[in-house]
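**Student:** Starting off with a structure, shown below.
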Amino acid sequence: MEWNPQTRQFLSDCFLHTLSPAPEPRRRAESSLSEASNLPNFGLAVLRLVAEPPNSIDEQIRQSAAVNFKNHLRLRWSSEDNPILEPEKQQIKTLIVPLMLSAPSKIQSQLSEALAIIGNHDFPKSWPTLLPELVSSLQEASQSSDYVKVNGILGTANSIFRKFRFQYKTNDLLLDLKYCLDNFTAPLLEIFLKTASLIDSAAATVPPPPAANLQPLFESQKLCCRIFYSLNFQELPEFFEDHMKEWMSEFRKYLTTSYPSLEGSGPDGLALVDELRSAVCENINLYMEKNEEEFQGYLNDFALAVWTLLVNVSQSTSRDQLAITAIKFLTTVSTSVHHALFAADGVIPQICQGIVIPNVRLRDDDEELFEMNHIEYIRRDMEGSDLDTRRRIACELLKGIATHYGDAVRNIASAQIQSLLSSFASNPTANWKDKDCAIYLVVSLSTKKAGTSYVSTDLVDVQSFFQSVIVPELQSSDVNGYPMLKAGALKFFTMFRSQISKHVALQFLPDLVRFLTAESNVVHSYAASCIEKLLSVKDEGGRLRYSSADIAPIFAMLMNNLFNAFKLPESEENQYVMKCIMRVLGVADVQLDVARICIEGLGSLLSEVCKNPKNPVFNHYLFESVAILVKRASERDPSLVSVFETSLFPRLEIILSNDVTEFFPYTFQLLALLVELNRPPIPPIYMQIFEILLSPDSWKRTSNVPALVRLLQAFLQKAPNEISQGDRLTKVLGIFDTLIQSSSSSEQGFYVLNTVIESLPYEVITPYISHIWAAIFRELQKRRTVKLLKSLLIFISLFLVKHGWSNVIDTMNAVQPNIFSVILTQFWIPNLKLITGDIELKLTTVASTRLICESPVLLDPAASVSWGKMVDSIVTLLSRKEQDRVEDEGDMPDIAENVGYTATFVRLYNAGRNEEDPLPDIKDPRKYFVASLSQLCAHSPGRFPNVITENVETANQEALLQLCNTYNVALV
Amino acid sequence: MADPGFSSTKRDPIKSSVGNAAGIRRREHAVTVGKERRESLVRAKRLCRVGISDVEVDVESDMMIDEEQSILESQTSLAVQNLKSALAYQGKGAMQKRVGALQKLRRLLSRSEFPPVESALKAGAVAILAQCLSFGSPDEQLLEAAWCLTNIAAGNPEETKALLPALPLLIAHLGEKSSSPVAEQCAWALGNVAGDDEELRNVLLIQGALIPLARMMLPYRRSTVRTAAWALSNLIKGPNPKAANELICVDGVLDAIVRHLTKADDESATEVAWVVVYLSALSNIATSMLVKSDVLQLLVNRLATSNSLQLMIPVLRSLGNLIAGDSHATYTVLSPGLAVTDNAIQVMIKCLKSEQRVLKKEAAWVLSNIAAGSVEHKQLIYSSEAVPLLLHLLSAAPFDIRKEVAYILGNLCVAPTKGDEKSSLILEHLVSLVEKGCLPGFIDLVRSADIEAARLGLQFIELVLRGMPNGKGPKLVEQEDGIEAMERFQFHENEDLRTMANSLVDKYFGEDYGLDEL
């Protein structure tokens, strides 16, 4: 694309049309542009359009061109596909800096981003002129006090230096950093000090200059501080160490000085000064964390400055960011080697009263969030996503101080809590926030005990606090009054559930059920959550504390209120309520009539979410609820299976026919559960589903595979006769063949095959066996992963114990003469030790034992080496701990990942399959092994001990002897 | 109090564990942006204020210390002028006159902490001093001229560069034909030239300064060895490893290093140890040769017997470089069961106990590299008295030491990898260290601003999650607020950390976690 009047006109028209409200010309312009973007020099031409003088091209057009230019660079600067060519890149790099600096601010910000994109790829090695150009422009702009330019340059520098904040320290990165330091640190300090002196003299001027004059100066200082952070992030550079004093004295000034003319000019003015202060706090926090030795000399002053500042900031309802960064600094100090700063008399009480309590108190923002966005409120309040809230950070500070001054903090905090509570008691209506603050402190400063849900606190006595502070809220007759206090009380109950004794908790269970009807979304969510968590409490020994009998008296009301909660505005898909339903159904004793009501209730919710699946958590618990209801109720009363089928089939059919793909894995798991709950013969409708199951299309989505395998297994077990008919088995084995070809699904393929071998009569399988072996051998040729080898051994073992060693050996050798001995020596013997899992270990041990004790192939004296090695492997398998013999192959999950939400497989916990033990009669594989071996030896005394001595490793001979002693047998 | 809830979008599996990162030995980065730490202890450039030969007592020096800098400057200009005319003078007593003028200038340049280098340069001192270095000049004249140049070279980098014309002659006088005071003074001047500028180092190397300096280190003459070693340590400090490679190949250098480390006084040994620092930091050849000689043993002995901080720093650093740089060091020289290995661990413990922060940090680094060795090495450290010390440091030391200590503890918990195999846990160590309370220290690192430390913390959390028996890991991590610490990385710009943290949270605190326990 050549830059000429035609191009100029064409581009200018296009960008004008992209702004058109009418869709037709807009789309046309967009498609012309996207077509033109494939031409060489397109980016350059657009940049030239941006550079046109304002009087010739409208600023709107240039602005839209600048956006397009930036996006074009993002896509094409270094893409594989049609990248911008080198000469064009060179020209862009030459033009962009001066252009950016002279552009009006909206265009400048786009070009600055574009420049940062180039910088990410090219800076510094392929763009050696950039930094010198920025430095000389900075000096020029600084001399003429042109702060639009100064800030443009600093903004650019800030974005190209950002990488030093998050990349790993490597020699290459350090070289880049060194280059930036060598060129930029001195000019940075120079402009920083110059701007500082301008600010100082402006502050001293009477009357003070207008805020507009100060604003760019503060903007500039803020950018300098951010650059400071980037350049100091990896380690403390020499230049900054040498000039620490200059930097620190300015930093301190911004924390201790107020700038009334700017701060008083409106919220933006104060926000800007606070942003600078926050940036300063981040810098000194970085120094405190990483270079505290060099920073030590400044620490006292800064600590004093920050906490004085905080006492002011803490009173204000806005200024969150500054409060948070400043408190973080104090927290860092409190846990550092210089924590003694807090040891002085009166410091901790002062911090507690002046900083912690004011920041923990509810503010208007919190109340607004509670009302307007309950999801976000709960996320922060209950689920720990409140890292960057003032409340949480203030508590972190208290915890930080407590690491060295635990007793002092405890005393002061509990005194504070008492005084907040008495203030509430004196006037509950006016001072309800004090009570909230007290509850929040107790909950936030509590500690969790390892391995339990047991939470404890040493600030108050939990029982009496519960009785005197929490219970009045729970018993309040108005479920809608003071909702935030109710939420706090429910949260306390939830947190300390393990410590509240059963009879006390049961006393208030009806109140919890009552709060399910509260209008506040937070309150009824917390009530649901509290019930759900209570029902999950386990006592010593893992037994659930609450049983069906405990909830029987309130069960009807509970279910009613839970289902009604979905009718409250914005709780249509309330995940806490749904999870509570799941938990209740898992505990309660569900009678026939209730089961009918529940399945209808869940079924209609299911129909609803199918239309537009939105909340994956809600949906998950919905399916879990269905699964647990179906499972528990049918096990209790098998006649219910058909009731569930009637209710669920139409809905599951809609999922399948409307292609609601995110629910497919759930659907197949539910179907598998239903198949398993049936008594053969299974109803004919299932065979229709079976046909869907066999269609290759169903298997294309990897997320479906585990669920489909699960369903297929269920069919093979429950309907072996139906499957043996027609070409169904051929298709099933076709699925097996496809699955084992991909390493991510090969295990799943073997699950199918194992179920075939286990469930079908041998005659039915016979015609297919040679094909099965051929497919397996083909895979062994391609790859020999641990997973494949393990699957192979398990399959052969299963085959052997089900149908005998001779069938195994003969069918293998029929595919290729003598291949059995190859498989035995190359795969079986060396890899036996990789087997994990109790059932698998038993199965392979028994199969291997039978082989060496029964099959003539191995009992032939010519095979004595293999025989001995097999004994060796079995002993390894049986005598060593799993972790000592198995090399973990890595944490790769079985299913291909990264396909987005819609296509992931999520296991339904409550629809899980019970592991079948193919050898229920054999309890102890070790005993079986040594007993069989001893019997064999007794038949030919003197023969085998020699073989063992020659072929079994010394350590394993020891282990074998030990095993024999344990079971009191001898090898003769 | 976090309820991790359940997350449906699965992410990449965890690719790295401590085994892949902390399990390997770490060398120091070749590039640094920080202040050269040795400088605060032993300056890279040194002013020569008292003569080498110790013969001359400068009677005037005390009297003029308080002189105004401006007077000093004008006197210096004058002294250079005088030297010029003295040099031009050919008559009787010319020699004394020249030496006298040189002494005058030298005294002016030695008088204050801040010699009037600028005035001397402006007056044209370098050219005239170079002339004084011409071959055949009497030793006294050579000595004085080299001394003047030494102090000029101690100025700022620009001033040092002004010495360029004099360099060939300074180098020429290093040779064996020169008297030792002259050679030593020239070495000193060159050491200053090599002090802080890679370009000047390259010039010196091209002009052949390395070999004569190296030869000066061979005989045992205290002050010569000291000066030559110091100059060499400046000359070879890279970052290009070429000079270090060359130095170790000079005949006799390795023997001399061994000899000096065995016998020399602390001060000379310090300078020699700095040479070893740079040799081992930059040159693989040197590292392997040093490891095969007795150097490791000698360094360990030095640490055991000395309490000089100046000496201990380079000795520790050398030891660390050698261990990090050559697997032979750990697997053969410091192999478990040998007395030297026990001694090495003992001296590390000594340094960890020291009040000096720099010793603690370096020792922790060295120990982390030993801990990256065989399972037996790990057992040795694990059963030594280092562990309680390390656990204490992990919770109470300044950040940089905590980070190094974390590397040691992390390394103690993973078995070494062979080839592509994935590392496996040493369960006994992990369980006992976690029981002794090291987990909060690692979680603190996850929260730190340092991303390497954060990675280390995450890797250790992964070990705990994967390895603690009976599935206790997730609960321990949760109890120490580990989930919250990991969630900080949810949107972190470092992709590796982000993926690691997110997949750990997903894997161990995903849907099943909520269902099973609660």
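**Student:** For the range B:102-131, how many residues meet the condition of being crowded, with 24+ Cβ neighbours inside 10 Å and among the hydrophobic types (A, V, I, L, M, F, W, C)?
**Tutor:** 7
**Student:** Any residue at all in the range B:442-457 that is at pLDDT below 85, more than 9 Å from chain A (Cβ to nearest Cβ) and over 21 Å from A:T170 (Cα atoms)?
**Tutor:** no
**Student:** So A:D365 clears everything in (1) open to solvent by 30 Å² or more (accessible area, probe 1.4 Å); (2) closer than 26 Å to B:Q490 by Cα; (3) part of a helix (DSSP H, G or I); (4) within 12 Å of chain B (Cβ to nearest Cβ) except one condition, right? Which one?
**Tutor:** If we test A:D365 against (1) open to solvent by 30 Å² or more (accessible area, probe 1.4 Å); (2) closer than 26 Å to B:Q490 by Cα; (3) part of a helix (DSSP H, G or I); (4) within 12 Å of chain B (Cβ to nearest Cβ), just (4) comes out false.
**Student:** Can you tell me which of B:L367, B:L352, B:L290 is modelled with pLDDT of 90 or more and closer than 20 Å to B:M217 by Cβ?
**Tutor:** Exactly one of B:L367, B:L352, B:L290 is modelled with pLDDT of 90 or more and closer than 20 Å to B:M217 by Cβ, namely B:L290.
**Student:** Using the structure shown, decide if A:P187 is away from chain B (no Cβ under 13 Å), open to solvent by less than 50 Å² (accessible area, probe 1.4 Å) and closer than 30 Å to A:L255 by Cα.
**Tutor:** yes
**Student:** Provide a single number: the residues in the range A:832-883 that are touching a helix residue (DSSP H, G or I) at 6+ places or on another chain (Cβ under 8 Å) and outside any helix (DSSP H, G or I).
**Tutor:** Looking only at that region, the number is 4.
**Student:** Name the residue that is farthest from A:K538 (Cα to Cα), counting only residues in the range A:568-585 that are open to solvent by 30 Å² or more (accessible area, probe 1.4 Å) and under 27 Å from the mean Cα position of the chain (by Cα).
**Tutor:** So the residue we want is A:E570.
**Student:** For A:Y482, only one of the following conditions fails: (1) within 36 Å of the chain's Cα centre (by Cα); (2) at negative phi; (3) more than 14 Å from chain B (Cβ to nearest Cβ). What is its number?
**Tutor:** (2)
**Student:** Could I ask something else about it? Restricting attention to the range A:23-64, which residues are closer than 19 Å to A:M100 by Cβ, open to solvent by 70 Å² or more (accessible area, probe 1.4 Å) and of a type in the set (S, T, N, Q)?
**Tutor:** Within the range A:23-64, just A:Q60 meets the criteria.
**Student:** Could you please give the count of residues in the range A:1-28 that are over 24 Å from A:Q108 (Cα atoms), part of a helix (DSSP H, G or I) and not polar (S, T, N, Q)?
**Tutor:** 7
**Student:** Is it true that some residue in the range B:277-284 is within 14 Å of chain A (Cβ to nearest Cβ) and over 24 Å from B:P416 (Cα atoms)?
**Tutor:** There is at least one residue in the range B:277-284 that is within 14 Å of chain A (Cβ to nearest Cβ) and over 24 Å from B:P416 (Cα atoms).
**Student:** For a quick check of your reading of the model, give me the residue pairs whose first member lies in the range A:3-16 and is hydroxyl-bearing (S, T, Y), whose second is outside any loop (DSSP other than H, G, I, E, B), with beta-carbon atoms closer than 8 Å and at least 6 apart or on different chains.
**Tutor:** Pairs that qualify, where the first residue is hydroxyl-bearing (S, T, Y) and the partner is outside any loop (DSSP other than H, G, I, E, B), are A:T7/A:A45; A:S12/A:L49; A:S12/A:I61.
**Student:** Kindly evaluate B:L430 against the criterion of being touching a Gly at 6+ places or on another chain (Cβ under 7 Å), closer than 21 Å to A:K328 by Cβ, open to solvent by less than 30 Å² (accessible area, probe 1.4 Å) and more than 9 Å from every other protein chain (Cβ to nearest Cβ).
**Tutor:** For B:L430, the condition - touching a Gly at 6+ places or on another chain (Cβ under 7 Å), closer than 21 Å to A:K328 by Cβ, open to solvent by less than 30 Å² (accessible area, probe 1.4 Å) and more than 9 Å from every other protein chain (Cβ to nearest Cβ) - is not met.
**Student:** Oh, and also: A:D810 passes all but one of (1) without any contact (Cβ under 8 Å) to a residue 40 or more places away in the chain; (2) open to solvent by less than 50 Å² (accessible area, probe 1.4 Å); (3) closer than 26 Å to A:Y768 by Cα; which number fails?
**Tutor:** (2)
**Student:** Scan the range A:748-769 residue by residue and report those that are touching a residue at least 12 places away in the same chain (Cβ under 8 Å), more than 22 Å from A:I692 (Cα to Cα), open to solvent by 20 Å² or more (accessible area, probe 1.4 Å) and not hydroxyl-bearing (S, T, Y).
**Tutor:** Hits for the range A:748-769 are A:E758, A:P761, A:V764.
One line per residue, one yes/no per condition, for (1) within 14 Å of chain B (Cβ to nearest Cβ); (2) in a loop (DSSP other than H, G, I, E, B); (3) β-branched (V, I, T); (4) in contact (Cβ under 8 Å) with a residue 40 or more places away in the chain:
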position: A:S136; (1), (2), (3), (4): no, no, no, no
position: A:S145; (1), (2), (3), (4): no, yes, no, yes
position: A:R162; (1), (2), (3), (4): yes, no, no, yes
position: A:Y168; (1), (2), (3), (4): yes, yes, no, no
position: A:L181; (1), (2), (3), (4): yes, no, no, yes
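**Student:** I've got another one for you. From (1) open to solvent by less than 40 Å² (accessible area, probe 1.4 Å); (2) of a type outside the set (D, E, K, R); (3) under 16 Å from A:Y482 (Cα atoms); (4) under 36 Å from the mean Cα position of the chain (by Cα), pick out the condition that doesn't hold for A:C395.
**Tutor:** All conditions pass for A:C395, except number (3).
**Student:** Now a separate question. With respect to B:L425, determine if the residue is modelled with pLDDT under 90 and within 10 Å of chain A (Cβ to nearest Cβ).
**Tutor:** yes
**Student:** So, one more: Only one of (1) of a type in the set (A, V, I, L, M); (2) away from chain B (no Cβ under 14 Å); (3) touching an Asp or Glu at 6+ places or on another chain (Cβ under 7 Å) fails for A:L236. Which number is that?
**Tutor:** Only one criterion in (1) of a type in the set (A, V, I, L, M); (2) away from chain B (no Cβ under 14 Å); (3) touching an Asp or Glu at 6+ places or on another chain (Cβ under 7 Å) is unmet by A:L236, namely (2).
**Student:** Restricted to the range A:821-860, and to residues that are over 15 Å from A:V786 (Cα atoms) and acidic (D, E), which residue is most open to solvent (accessible area, probe 1.4 Å)?
**Tutor:** A:D838
**Student:** Please tell me if A:E246 is open to solvent by 20 Å² or more (accessible area, probe 1.4 Å) and at pLDDT below 95.
**Tutor:** No; evaluated as a whole, the condition is false for this residue.
**Student:** Then there's this: Quick test for you: out of A:R363, A:R379, pick the one residue that is over 27 Å from A:S419 (Cα atoms) and not polar (S, T, N, Q).
**Tutor:** Answer to the selection: A:R379.
**Student:** While we're on this one: List the helices (runs of 4 or more DSSP H) inside the range B:96-170, counting only whole elements, that have at least 3 residues being under 15 Å from B:R46 (Cβ atoms) and in contact with a helix residue (DSSP H, G or I) (Cβ under 7 Å, 6 or more places away or on another chain).
**Tutor:** Helices (runs of 4 or more DSSP H) meeting the threshold: B:139-153.
**Student:** Can A:T205 be described as of a type in the set (V, I, T) and in contact (Cβ under 8 Å) with a residue 40 or more places away in the chain?
**Tutor:** no
**Student:** Something else: Would you tally the residues in the range A:206-229 being within 38 Å of the chain's Cα centre (by Cα) and more than 12 Å from chain B (Cβ to nearest Cβ)?
**Tutor:** Qualifying residue count, the range A:206-229: 10.
**Student:** Next question. Provide a single number: the residues in the range A:267-312 that are within 14 Å of chain B (Cβ to nearest Cβ), closer than 18 Å to A:K245 by Cβ and charged (D, E, K, R).
**Tutor:** 3
**Student:** Pick from the range A:404-450 the residues that are surrounded by fewer than 17 Cβ atoms within 10 Å (Cβ to Cβ) and among the β-branched types (V, I, T): which of them is farthest from the other protein chains (Cβ to nearest Cβ)?
**Tutor:** The selected residue is A:T429.
**Student:** Right, next: Can you pull out the residues in the range A:272-302 that are open to solvent by less than 40 Å² (accessible area, probe 1.4 Å) and closer than 30 Å to A:P208 by Cβ?
**Tutor:** Selection gives A:L272, A:V273, A:D274, A:L276, A:R277, A:S278, A:A279, A:V280, A:C281, A:N283, A:I284, A:F302.
Residue-wise test of (1) open to solvent by 20 Å² or more (accessible area, probe 1.4 Å); (2) within 23 Å of A:L441 (Cα to Cα).
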site: A:A527; (1), (2): no, yes
site: A:S536; (1), (2): no, no
site: A:I554; (1), (2): yes, no
site: A:M557; (1), (2): yes, no
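The values are calculated or read from the model by the stated rules, or taken from the named source; none is laboratory data. Keep in mind the model is a prediction, meaning the values are calculated, not measured. All Cβ positions, glycine included, derive from the backbone under ideal geometry; neighbour counts span all protein chains shown. These accessible areas exclude ligands, DNA and RNA; they are computed on the full protein's heavy atoms, side chains included. Shrake-Rupley method; radii C 1.70, N 1.55, O 1.52, S 1.80 Å.
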